[in-house]
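Engineer: Here it is, the structure in full.
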Amino acid sequence: MKRIIAFVTTQNQEVTVEVVNIFTTGDGRQIATVEALPVNGKKIRPFTEYSMGGPVESSSTRIPVAFVKILEFESVPEPAEVGSL
């Protein structure tokens, strides 16, 4: 399994994110769900979502795949099988 690390530009700054999921809408658009990676060990919330209660800062968002700049693919170790230890 691979972990996808990418850049997303928000508020004129590039944020390093992990691509969690990519899905295709009914009309053919591809949307990526991304999660901001911690900076200096601290969780950041660079994305703003709007709800009935007003704006909310978030560490994850959905964005069109065209706006995601792939940086690298990291290998993620496969989990051990049950009983193989």
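The values are calculated or read from the model by the stated rules, or taken from the named source; none is laboratory data. The model shown is predicted, which means the values in this text are computed figures rather than measured ones. Here the Cβ positions follow ideal geometry from the backbone for every residue, glycine too, while neighbour counts run over all protein chains shown.
Engineer: Phe73 fails exactly one of the following numbered conditions: (1) part of a strand (DSSP E or B); (2) modelled with pLDDT of 90 or more. What is the number of that condition?
Structural biologist: (2)
Engineer: Find all pairs meeting these conditions: Cβ atoms under 6 angstrom apart; at least six residues apart or on different chains; first residue within the stretch 18-37 and closer than 20 Å to Thr48 by Cβ; second residue of a type in the set (Phe, Trp, Tyr).
Structural biologist: Here the result reads Ile31/Phe23, each pair linking the stretch 18-37 to a residue that is of a type in the set (Phe, Trp, Tyr).
Engineer: While we're on this one: Hey, can you tell me all the residues within the stretch 15-72 that are of a type in the set (Phe, Trp, Tyr) and surrounded by 14 or more Cβ atoms within 10 Å (Cβ to Cβ)?
Structural biologist: Phe47, the sole residue that qualifies.
Engineer: Name every residue in the stretch 39-70 that is farther than 18 Å from Gln11 by Cβ and not in a strand (DSSP E or B), in order of residue number.
Structural biologist: Asn40, Gly41, Met52, Gly53, Val65, Ala66
Engineer: Residues of the stretch 38-50 being hydrophobic (A, V, I, L, M, F, W, C) and touching a residue at least 24 places away in the same chain (Cβ under 8 Å), which ones?
Structural biologist: Ile44, Phe47
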